[in-house]
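The values are calculated or read from the model by the stated rules, or taken from the named source; none is laboratory data. Predicted model only: the values in this text are computed from it and were never measured. We place every Cβ from the backbone using ideal geometry, glycine too, and count neighbours over all the protein chains shown.
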Amino acid sequence: MTVISLTRGGTADAAGAPAPRRRRGLRVRVALARIGAGLAVLVPIVFLSSFITYCLGALSNSNPAATILGQDAATPAAVARLDKALGLDHPLVVQYWNWLVQAVHGNLGRSYFTQIPVSQSISQRLPVDLSIAILAVILAVVIGGTAGTVAAIRRGGWFDRGVTAVCSVVSTLPAFVVGIILVVLFAVSVHAFPANGYVGPSAGAGPWLSHILLPSLALSLQVASDIARQLRTSLVQVLDQNYITGARVRGLPYRRILVRHALRNAAGPALVTLGYDFPQMLAGAVAAEAVFSLPGIGQLLLESAETRDIPVVQGLLLVISTFVIVVNLVINTTLNWLYRSGDEVGT
Amino acid sequence: MSRRGSVLRLPSARIAVGVLAVVVILTAFGSALAPQNPLAINANALFQGPSAHHLLGTDYLGRDVLSRLMAGTRLSVLTALEAVGIGLVLGAIPGIATVFMGRWFDFAVNRISDALMTFPYIFFVVAVTAALGNGLVQAMIPVGILLAPAFFRVTRAATLEHARAQYVEAADLLGASKLHVIRVHVLRKVLPNIVVTTAAMTAAALLTVSFLTFLGIGVQPPTPTWGGILSSDLDYLSQAPWAPFIPGALIAVTVGALNALADAVRDRSGAGTLVLADPIIPTDLSLERSVA
């Protein structure tokens, strides 16, 4: 069994270094090693996922130049000229690199059919999905967090059993089924909320929220149940630890023990769950768009997939995977912060 | 953790197996057992509620809902199994192999697995169908590829655990080959984890299939599928608001049975599903250990 250190000055190096006299120096080195190790993981992931994204388009046996020119105008000479103009005569890796460099500068190319810049059509529609997804994350954390915490404190009680039962039912319901149920309950039967459509926040917070509340709720339920279950499990374990008993013996107020000691140490697995669920949440946003007929990126994706508008599809996939990576980096940073301050609280 | 006795002693597992047996029968003989022709249109019987003639009512073309659900089972279930099969092969084999094949291979495969985890199923699948053509059987290949990281992580973690055991060390010292160690010592121990993951991933694949067919990807309109029936119900909510609950419940019950079975096997064998200690983008490389 060997411990891998794959980074320049990786974690193993730092740990094995002779104990430095100044603590500050060691801290800086550990921090640098951590950043180095993080980059060693992150950089390959970014390149691999964007390369897979680019390859999807390149591997399609569609001929972009012929598609753009249309059947009549697509003479071999014209196709060759356009191929050159689009840079399609280069090897795949060169094409990928050019595409990536352009993408980093915010240029994702133009649609084959409408000639609208891809970045423009994505940025037009992204706010819809972002509002839904952000509200859904908030709802999931609030609902799931509260349910999980209360269930863990009242372990074995009726609330705990209720949460467990509800969670196992909810986890079997896909977001689009939940969405349909919500539409039937609140929009068709009661008319409490609009059943479809989207109004931007510029129209006022009230109408905006009423349009995104049902889709967000549909998205959040499954994530909320995952968080509740995970948080309950880890909180039950943490509450059994000696340092919790110790804190209670010292007479600290229960609320303070719960928040500062228990929740801080128990939140990690629930956060990781959120990281796992986030990509599927974006997929769920597509479902929510379909159910509530919202003009989001899901519709754009389906439309462009149907017409095989490769630049739009590639751009969308790149934006989405970047989002997932960024959210997971935020979660990782939060985890680091939680665990580090957790050490200080625990000892 | 590991308790003696068959998985089937748990009541939840028995119910789950019962539900799944029904689904299997429907998959095999669904169209033959259907009481009526699932494609027969009857303009005189639109949006009917449950009756003796139509046990689950009729849809917007007067077609028998029960027959459509029974006939739609085969395509929905078989494509889900196709994706799981692909994920199992692409995930479990590298999951065992990386532990024994050296750190660079391990590092590379791990990063590919991480990269795949950044794609949401639907976006990736729709993008692939845009590039490679529309069809449910083709569409399930990318679903399988995206299921592979889950199999990979679970198998790799379980393999690591067992490959560090003393009896493996002893076998190594006695001159056993890596293949022998894998076959005799590792595979059998890792199998419960793979079974649990397979059940959980079948549930995930079934949800994805239903969602894809709900979006109309990979199927032509008259062909009945679970998701497709749900999608057409959605267009006529004002006439028949109860209609989507029937296919919705069918999907939920099947998925619930698979999850319950996964839980039961896990309880009985002490195997884990997902390694939740590792985030999608791993933070600590020192966790990545290799035996080779």
* Asked: Across the stretch A:157-194, which residue is nearest to the chain's Cα centre (by Cα) among those that are within 8 Å of another protein chain (Cβ to nearest Cβ) and at pLDDT below 75?
  -> A:Val188
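Residue-wise test of (1) among the polar types (S, T, N, Q); (2) at pLDDT below 70; (3) within 29 Å of the chain's Cα centre (by Cα).
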| site | (1), (2), (3) |
| --- | --- |
| B:Arg14 | no, no, yes |
| B:Leu20 | no, no, yes |
| B:Ala28 | no, no, yes |
| B:Ser31 | yes, no, yes |
| B:Gln36 | yes, no, no |
| B:Asn44 | yes, no, no |
| B:Ala52 | no, yes, no |
* Quick check: is even one residue across the stretch A:284-293 surrounded by fewer than 24 Cβ atoms within 10 Å (Cβ to Cβ) and more than 7 Å from every other protein chain (Cβ to nearest Cβ)? -> yes
* Is it the case that some residue within the stretch B:98-114 is among the β-branched types (Val, Ile, Thr), surrounded by 24 or more Cβ atoms within 10 Å (Cβ to Cβ), more than 7 Å from chain A (Cβ to nearest Cβ) and more than 19 Å from the chain's Cα centre (by Cα)? -> yes
* Asked: Based on what the data block shows, is A:Leu316 at the interface with another protein chain (Cβ under 10 Å from one of its Cβ atoms), part of a helix (DSSP H, G or I) and either surrounded by 20 or more Cβ atoms within 10 Å (Cβ to Cβ) or touching a residue at least 60 places away in the same chain (Cβ under 8 Å) (or both)?
  -> yes
* Say whether the condition of being in a loop (DSSP other than H, G, I, E, B) and at the interface with chain A (Cβ under 10 Å from one of its Cβ atoms) is met by at least one residue in the stretch B:141-152. => no
* Close pairs from the stretch A:144-169: first exposed (fewer than 14 other Cβ atoms within 10 Å of the Cβ), partner assigned to a helix (DSSP H, G or I) and of a type outside the set (A, V, I, L, M), Cβ under 8 Å, at least 6 apart -> A:Arg154/A:Asp160; A:Val169/B:Gly256
* From A:Ala133, A:Ala78, A:Ala103, residue being under 30 Å from A:Ser225 (Cα atoms) and either part of a helix (DSSP H, G or I) or of a type in the set (Val, Ile, Thr) (or both) -> A:Ala133
* For the subset of the stretch B:124-134 comprising residues that are within 8 Å of another protein chain (Cβ to nearest Cβ) and touching a Ser or Thr at 6+ places or on another chain (Cβ under 8 Å), which member is nearest to A:Leu274 (Cα to Cα)? -> B:Ala127
* Which listed residue, of B:Val186, B:Val137, B:Val195, is at pLDDT below 85, out of contact with any Phe, Trp or Tyr (no Cβ under 6 Å at 6 or more places or on another chain), more than 13 Å from every other protein chain (Cβ to nearest Cβ) and within 30 Å of A:Val178 (Cβ to Cβ) -> B:Val137
* Asked: Among B:Thr225, B:Thr213, B:Thr155, which is the only one that is farther than 26 Å from A:Glu303 by Cβ and among the hydroxyl-bearing types (Ser, Thr, Tyr)?
  -> B:Thr155
* Structure fact -> In the stretch B:155-177, anything among the aliphatic types (A, V, I, L, M), over 24 Å from B:Asn110 (Cα atoms) and assigned to a helix (DSSP H, G or I) is listed as B:Ala170, B:Ala171, B:Leu173
* For B:Ala205, which of the numbered conditions (1) modelled with pLDDT of 85 or more; (2) over 17 Å from B:Gly72 (Cα atoms) fails to hold? -> (2)
* Structure fact -> Screening A:Pro91, A:Pro76, A:Pro117 for residues that are in contact with a Lys or Arg (Cβ under 6 Å, 6 or more places away or on another chain) and without any contact (Cβ under 8 Å) to a residue 40 or more places away in the chain leaves only A:Pro117
* Structure fact -> Being more than 30 Å from A:Pro174 (Cβ to Cβ) and at pLDDT 80 or above narrows A:Leu258, A:Leu338, A:Leu282 down to just A:Leu258
* Asked: Taking the condition modelled with pLDDT of 70 or more and part of a helix (DSSP H, G or I), does A:Ala37 pass?
  -> yes
* Qualifying position, being more than 10 Å from chain B (Cβ to nearest Cβ) and under 27 Å from B:Leu212 (Cβ atoms), among A:Ala224, A:Ala262 -> A:Ala224
* Asked: Within the stretch B:205-230, which residues are surrounded by 24 or more Cβ atoms within 10 Å (Cβ to Cβ), of a type in the set (Gly, Ala, Ser) and within 11 Å of chain A (Cβ to nearest Cβ)?
  -> B:Ser210, B:Gly227
* Structure fact -> Reported set for the stretch A:86-109 where residues are at pLDDT below 75 and closer than 21 Å to A:Thr307 by Cβ is A:Leu86, A:Leu88
* Can you tell me which of A:Leu263, A:Leu252 is surrounded by fewer than 22 Cβ atoms within 10 Å (Cβ to Cβ), over 17 Å from A:Thr164 (Cβ atoms) and touching a residue at least 40 places away in the same chain (Cβ under 8 Å)? -> A:Leu263
* Taking the stretch A:294-304 as the search range and keeping residues that are facing chain B (nearest Cβ under 8 Å) and aliphatic (A, V, I, L, M), which one is surrounded by the most Cβ atoms within 10 Å (Cβ to Cβ)? -> A:Leu301
